[in-house]
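Note sheet for the following structure.
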Amino acid sequence: MSVSHSSKLNKGVRDQYMKLPQGKKALATYIWIDGSGEGLRSKTRTLHQEPNCVEELPEWNFDGSSTGQSEGSNSDMFLIPVKMFRDPFCLDPNKLVLCEVLKYNRTPAETNNRYTCKQVMDLVKDSQPWFGMEQEYTLLGMDGRPYGWPDNGFPGPQGPYYCGVGANKVYGRDIVEAHYKACLYAGVDIGGTNAEVMPSQWEFQVGPCIGIDMGDHLWMARYILHRVCEDFGVVATLDPKPMTGNWNGAGCHTNVSTIETRQKGGIKAIEAAIERLSKRHKYHIRMYDPRGGQDNLRRLTGQHETSSITEFSAGVANRGASIRIPRQVGQDGYGYFEDRRPSANCDPYAVTEAIMRTTILGETGDGLVDETDETRLLRATLKD
């Protein structure tokens, strides 16, 4: 199994330098979403003192022509700090800084979905929306094969790997535990982790988070995952169907509640939300992966614990439905519901915004306005 060259560098030598004092200065690593809508970029600057809050961080800029976000003739783009975390790699007093991206004219970049998500979350704040997202991902070697899989063949069929224990059932637990501890240090609201159904596939959960915090914390957890994987020399992919055939895909199941659903008798509010979601299936499919539904076409087949991309469904304890009502919620009569359609590489800002627009603001329509060839294909797939 191939691993990256950088992971083979002597980490003990690095530690010698990391222990050097840095005076009162602090390193701030600015992190943003690039033009693909799923890739992350970062760069670091020196601050003269440790910042106490995100408002103390200066704006910065970068070359958008090198990140798929602008043309070279007008390439400067603005980095606007929006959330600050502790840095688990360089340690205190250093910071990780999540940023929004604005174009030269101070309008949001095309992949800056946080901008409108924040506006929607402000509109629905009285409903006190809580979110929890279950991020599935797959570990790959540098050769693109799932980590730990035979070089010339496949592991045994799915069954023993989910929440498995033992060297013949799980691969890469060191990475998972390092990521977990790094998120806790950083201040990310990580809630748990487990081995998933396909070998080398894992999941971590972020939340419950209120409103815009859901997207902020999940994006930072993703950044930390990729950084941890650098040290171990493997790749974490969020591809929603990394292996064709009889293998589970990777989703980002999204759990949702409001003050109405969490109160006694809240099942009625849950059922009302599901009814609204049922009438806007096409819109949500479009918002649930970075390519407007094209990635989920490979995953939402109605098999391997997924619903069909062409049909909306809901049910209690049904992992083959678009929306699952947990069994305990059905028994208690209040709580939350789970939208199982978002892909592993979804933008959590786009997902949570879409759910609030439909279930709380009551928006209607399929949202397919300016159609590309891809959205026309998706519309044909989702034809009534």
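The values are calculated or read from the model by the stated rules, or taken from the named source; none is laboratory data. Being a predicted model, the structure only gives us computed values, none of them experimental. FYI the Cβ positions are ideal-geometry reconstructions off the backbone, even for glycines, and counts take in every protein chain you see. We work out accessible area using only protein heavy atoms, side chains counted, and drop any ligands, DNA or RNA first. Shrake-Rupley method; radii C 1.70, N 1.55, O 1.52, S 1.80 Å.
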Item to complete: Over the alpha-carbon set of the chain, divide Rg by the Kirkwood Rh and report the Rg/Rh ratio to two decimals.
Response: 0.96
Discussion item. Taking θ = phi - 60°, what integer Hz values does the Karplus form 6.51 cos²θ - 1.76 cosθ + 1.60 yield along the range 342-352, in sequence order, with x for Gly and Pro?
Written reply: x, 7, 4, 9, 5, 8, x, 5, 5, 5, 5
Discussion item. At 1.4 Å probe radius, can you tell me the per residue accessible area of the range 26-111 in Å²?
Written reply: 47 Å²
Worksheet item: What distance in nm separates the simple spin-label points at THR244 and LYS25, each placed 7 Å from Cα in the Cβ direction?
Response: 5.2 nm
Discussion item. So for each of 215-227, 254-266 I average, over its residues, the number of other beta carbons within 10 Å; can you give me the resulting order with the highest mean first?
Written reply: 215-227, 254-266
Discussion item. Modelling each spin label as a point 7 Å along the Cα-to-Cβ direction, I'd like the ASN105/GLU271 distance in nm, to one decimal.
Written reply: 4.9 nm
Discussion item. Rolling a 1.4 Å sphere over the protein heavy atoms, what is the accessible area per residue of the range 121-365, to the nearest Å²?
Written reply: 39 Å²
Discussion item. Within the chain, what whole-number % of the accessible surface is contributed by carbon and sulfur, with the 1.4 Å probe and all protein chains included in the calculation?
Written reply: 50 percent
Worksheet item: How much of PHE337 can a 1.4 Å solvent probe reach, expressed as accessible area in Å² and rounded to 10?
Response: 10 Å²
Discussion item. Going by average Cβ density within 10 Å per residue, which order do the peptides 20-26, 114-120, 63-69 take, highest to lowest?
Written reply: 114-120, 63-69, 20-26
Worksheet item: Using 0.36 nm per residue, how much length does the chain from LEU9 to LYS169 gain when fully extended, once their Cα-Cα distance is taken away?
Response: 54.7 nm
Discussion item. I need the phi-derived Karplus couplings for the range 39-55: 6.51 cos²θ - 1.76 cosθ + 1.60, θ = phi - 60°, integer Hz, Gly and Pro marked x.
Written reply: x, 10, 10, 7, 7, 10, 9, 9, 10, 6, 7, 5, x, 8, 8, 5, 5
Fill in: Packing-based order for 295-305, 352-362, using average beta carbon neighbours within 10 Å, highest first
352-362, 295-305
Item to complete: Compute the length gained on full extension between GLU50 and SER36: take 0.36 nm times their separation in residues and subtract their Cα-Cα distance, giving the result in nm to one decimal.
Response: 1.8 nm
Worksheet item: For the chain, modelled as a Gaussian network with Cα springs under 10 Å, which listed residue fluctuates most, CYS99, CYS229, CYS163?
Response: CYS163
